[in-house]
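Right, one structure below, let's go through it.
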Amino acid sequence: MDVWRYARAGLAGVVFLGPLAHVYYDLVAHFCAGWPTLAKVALDQTLYLALYNSIYYLTLGRLAGRPLLEVARQYSAQFWRLLRAGWKLWPFVGVITYTYVPTAHRVLFVDLVEIAYSAILSTMTADTPPAEGEAEPLQAETFADSKRDIRP
């Protein structure tokens, strides 16, 4: 068990991703209240998921001590692959979220599902070979075990 890896992920969640989710769901509740559920889900699956994934990977890469340009280059090569991975889970979560979950509990519900999504992202960054024509996957050790990893 890599305690520092968990600490970095927790820090990213508390400082960046948690507040992002609160602001996002408040804005959707306020400005998109009259939108159909599928329109809200489409917004989730485009702008929000792309922003979330970007913050997640850039933050974890930097917290692991890697240069920002290196992290950004590696992430940009995987952007679409990771977005498509999110589409395997989040559209269904969005329908449930906007149909059944009260506004006040949406962030909590989504955070619970986030555990499963983190497992998907972790799997996507493991040592799985890329499909033909696809860039090499992000390696888990890139964030947790790189030579530039920050450990006390």
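None of the figures in this text is laboratory data; all of them are computed from the coordinates on show. Everything numeric here is computed off the predicted structure, so don't read it as measured data. Reconstructed Cβ throughout: ideal geometry from the backbone, glycine too, with neighbour counts over all protein chains shown.
Sorting check: for 102-109, 40-47, which peptide has the highest mean count of neighbouring beta carbons within 10 Å, and how do the rest follow?
Ranking the peptides 102-109, 40-47 by packing returns 40-47, 102-109.
Would you kindly derive the ³J(HN,Hα) couplings of region 16-21 from the backbone phi angles with the Karplus curve 6.51 cos²θ - 1.76 cosθ + 1.60 (θ = phi - 60°), listing them in order in whole Hz, with x for Gly and Pro?
Here the 3J(HN,Hα) series is 10, 6, x, x, 4, 5 Hz.
Return the sequence-ordered ³J(HN,Hα) values of region 103-111 in whole Hz as given by the Karplus equation 6.51 cos²θ - 1.76 cosθ + 1.60 applied to θ = phi - 60°, using x for Gly and Pro.
So the J values, rounded to whole Hz, are 3, 5, 10, 5, 5, 4, 4, 5, 4.
Ratio of region 1-77's C-alpha Rg to 2.2 N^0.38 Å, to two decimals?
Relative to the 2.2 N^0.38 Å estimate, region 1-77 comes out at 1.31.
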